[in-house]
Number of protein chains: 2
Amino acid sequence: MRALTAIEEADIRERLSAIAPLSPKTWAAVRALGARSSLDKGGFFSRPQEPATRFAIVLSGLLRHYYTDARGRESVKAFRGPLELSGPYAELIQGRPSRTFIEALTPVELFVFRYADVDAAAQTSLELSLLLRRFGELQFVAKEQREYEFLQLSAEERYQQIRGRFAELMQHIPQHQIASYIGITPVALSRIRARLGRKR
Amino acid sequence: MRALTAIEEADIRERLSAIAPLSPKTWAAVRALGARSSLDKGGFFSRPQEPATRFAIVLSGLLRHYYTDARGRESVKAFRGPLELSGPYAELIQGRPSRTFIEALTPVELFVFRYADVDAAAQTSLELSLLLRRFGELQFVAKEQREYEFLQLSAEERYQQIRGRFAELMQHIPQHQIASYIGITPVALSRIRARLGRKR
DNA sequence: TTCAGTTCTTAACCCGGGTTAACGAAGGGC
DNA sequence: GCCCTTCGTTAACCCGGGTTAAGAACTGAA
């Protein structure tokens, strides 16, 4: 368990500052609550049934958030790359056991927090409270964007959206997982790609 | 502009208390920031282009949140009934102009807040800050539920879900708006209803 | 190297939902 | 009363995506 490098530390701090104002004091407190951790490719940061207790900032690598239904069909909720936050967020804030798989698609370095620690610290810190609030708000905006994509875009358009958004990370993501993310089968995505290839 | 009745006041207070702890002092502050207001059937609480400044607790009646795309096609994001919160939330928290129509499907009574007032008050109140945070978190959970419905349920299953959830309010909602909410056309919903009628 | 598992593609077939159009019913506005 | 719009239904036709199956390319482990 190595310590954070100076660069990583600066990156994290900048990332959090972009969400809400972060005084040196608050930053020191937050930093003290986190711990570096890593995952091998294929490892899990969260699994269903486990108590949901932790979230993390991705330092490097790529994670996939997904769940399975009763018949075992997977649905991908999100991909998370460097300097994004990862964790079974809905379950953390509801105090429920995880229903989410969070899997490392590549080797991953994380800076991990126990949600209870941060939540407790926010009880006495307006700044931290605001940070958690803004974070929740951003998560909401992202999900509303996703709602928009399902309501108004075709599968082909959704594919082109994600293609723009994850451009460089996409080579690490198997296509059937991208298909699941946009709500179609791997076969359908393959057809869409063939269609697009013919056009351009 | 009538004042709140004792019953309305108790209802609102209870509703907010269910989101986060609400001391008498904070409740008094919140209450002082709100103002009663009403809308005729067909009136709008929010329209695209307007600055997004207000949100409200519904005292009675039913609202619809929707937007239109470039080709003018409507998509319904939500319906809001008594004691639910309504407003162009994503735009409020991002400080952007509204992109959302919020329309009264029936005559509506509201208790209205200026977002800036509440936000400012939260800068000095941990309790209020927590309230806003929890509210955002609940909004997120609701949208994630909706994501689940699009990823794993068929249109027919989505219809049955909403049927359970809005049971009594549904007679005030035209069917083509329900169709839009679940992401299909009115014609398709009519077919689904015919299918279901034949079965049961 | 061989065998198995994974990933992606393509084809064939089916079905759900989109589109357009026609029709009847209900509800305002005059 | 009448008209006009909105609403819901049904039918016909088309197309996108689901399903199943087969095969090719690649990877990794024994």
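Solvent exposure of A:THR68, expressed as accessible area, is near 60 Å², computed with a probe of 1.4 Å over the protein chains only. Residues whose amide H comes within less than 5 Å of that of A:LEU59, counting only those at least five positions distant or on another chain, are A:LEU83, A:GLU109, A:LEU110, A:PHE111 (H built at 1.01 Å from N in the peptide plane).
Residue by residue, the stretch B:16-28 carries 3J(HN,Hα) couplings of 5, 5, 6, 8, 7, x, 9, 6, x, 5, 5, 4, 4 Hz when phi is fed to the Karplus relation 6.51 cos²θ - 1.76 cosθ + 1.60 (θ = phi - 60°); x denotes Gly or Pro. Backbone phi angles across the stretch B:101-113, fed through the Karplus curve with coefficients 6.51, -1.76 and 1.60 (θ = phi - 60°), yield HN-Hα couplings of 7, 10, 10, 7, 7, 9, x, 10, 10, 10, 10, 9, 10 Hz in residue order; Gly and Pro are listed as x.
Computed with a 1.4 angstrom probe on protein heavy atoms, the B-A interface buries about 3500 square angstrom of accessible area in total. The residues of the stretch B:144-182 listed by number as losing at least 30 Å² of accessible area in the complex, against the isolated chain and with a 1.4 Å probe, are B:GLU144, B:GLU147, B:PHE150, B:LEU151, B:GLN152. Mean-square fluctuations from a GNM of chain A, with a 10 angstrom spring cutoff on Cα atoms, peak among A:ALA90, A:ALA142, A:ALA179 at A:ALA142. The phi torsions of the stretch A:165-181, fed into the Karplus equation with coefficients 6.51, -1.76 and 1.60 and a -60° offset, translate into couplings of 5, 10, 1, 6, 6, 5, 5, 8, 9, x, 5, 5, 7, 5, 4, 4, 4 Hz, rounded to whole numbers, with Gly and Pro shown as x. Above 17 Å lies some portion of the pair distances; for the stretch A:6-125, what is it as a whole percent of all C-alpha pairs? When all Cα pairs of the stretch A:6-125 are counted, 57 percent exceed 17 Å.
Note that the stretch B:40-99 shows a convex hull volume over its alpha carbon atoms of 86 Å³ per residue.
Average accessible surface for the stretch B:6-132: 45 Å² per residue, computed with a 1.4 Å probe over protein heavy atoms with every protein chain in place. Averaging 1/r over each pair of different alpha-carbon atoms in chain B and inverting the result gives 18.1 Å, the Kirkwood hydrodynamic radius. For the stretch B:124-193, the share of accessible area belonging to carbon and sulfur comes to 54 percent (1.4 Å probe, ligands and nucleic acids excluded). Scaling the Cα radius of gyration of the stretch B:153-200 by the globular reference 2.2 N^0.38 Å produces a ratio of 1.04. Note on chain A: with a GNM built from Cα contacts shorter than 10 Å, the maximum mean-square fluctuation among A:ILE102, A:ILE19, A:ILE178 falls on A:ILE19.
First check a/c for the stretch A:67-143, with a ≥ b ≥ c the square roots of the eigenvalues of its C-alpha gyration tensor; if it is under 1.5, answer rounded, and if not, answer prolate when a/b is larger than b/c or oblate otherwise. Since a/c reaches 1.5 and a/b is larger than b/c, the shape of the stretch A:67-143 is classed as prolate. Work out the FRET efficiency for A:ALA28 and B:GLU168 from their Cβ-Cβ distance, taking R0 = 60 Å, and round it to the nearest 0.05. Here the calculated transfer efficiency is 0.70.
Once the partner protein chains are put back, the stretch B:51-88 shows a loss of at least 10 square angstrom of accessible area, versus the chain by itself, at B:TYR67, B:ASP69, B:ARG71, B:ARG73, B:SER75, B:LYS77 (probe 1.4 Å, ligands and nucleic acids excluded). Rank B:TYR115, B:TYR148, B:TYR67 by mean-square fluctuation in a GNM of chain B with C-alpha springs under 10 angstrom and give only the top-ranked residue. For chain B, modelled as a Gaussian network with Cα springs under 10 Å, the answer is B:TYR148.
If you sort the three axes of the alpha carbon gyration tensor as a ≥ b ≥ c, you get a/c of 1.5 or more for the protein assembly as shown and a/b no higher than b/c, which makes it oblate. Of the whole protein surface, A:PHE166 contributes about 20 Å² of accessible area at a 1.4 Å probe radius.
Per residue, the stretch B:153-200 exposes 58 Å² of accessible surface when a 1.4 Å probe is rolled over the protein heavy atoms with every protein chain present. Annotation for B:ASP69 and B:ALA194: the two label points, set 7 Å from Cα along the Cα-Cβ direction, are 2.6 nm apart. Exposure check, 1.4 Å probe, all protein chains in place: B:LYS41 carries approximately 150 Å² of accessible surface.
The values are calculated or read from the model by the stated rules, or taken from the named source; none is laboratory data. Because the structure is a prediction, the values reported are computed rather than measured. Backbone-built Cβ (ideal geometry, glycine too); neighbour counts: all protein chains shown. Ligands, DNA and RNA are excluded from the accessible area calculation, which covers all protein heavy atoms including side chains. Shrake-Rupley method; radii C 1.70, N 1.55, O 1.52, S 1.80 Å.
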